[in-house]
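The values are calculated or read from the model by the stated rules, or taken from the named source; none is laboratory data. Because the structure is predicted, anything quoted here is derived from the model rather than measured.
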Amino acid sequence: MLEAHDVRISMDGKGCYQDNIFVERLWRSVKYECVYLKAFGDSAHLREKLKRYFTWFNKEQPIRAWTMQHPMRCTSQPLIQAA
């Protein structure tokens, strides 16, 4: 099915450890800056906190060093869509 839609599978070649480095760094930040700091009573509470975190991540976080801009100013699309 993937081949029929010309989808390339990640982690399938030389240098594969680098394929997901940005996603891995993002989720490390999410865990250490949000998830591990709080006790969540239920999935609805967790979802709300993650939504707030990703809103902050996309619009309000400190300026990124490599572009000197907030993420939403670097692209027309947010880096992460809040659910």
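Considered as a group, the residues in region 12-38 that are at pLDDT below 85 and among the aliphatic types (A, V, I, L, M) include one that is nearest to the chain's Cα centre (by Cα), and that residue is Val23.
For region 55-63, indicate whether the set of residues that are at pLDDT below 70, on the phi < 0 side of the Ramachandran plot and in a loop (DSSP other than H, G, I, E, B) is non-empty. Walk me through how you get there before you give the answer.
Residues of region 55-63 that are at pLDDT below 70, as a first pass: 62-63.
Next cut, on the phi < 0 side of the Ramachandran plot only: 62-63.
From the residues that got through so far, the ones that are in a loop (DSSP other than H, G, I, E, B) too are 62-63.
Yes, region 55-63 contains at least one residue that is at pLDDT below 70, on the phi < 0 side of the Ramachandran plot and in a loop (DSSP other than H, G, I, E, B).
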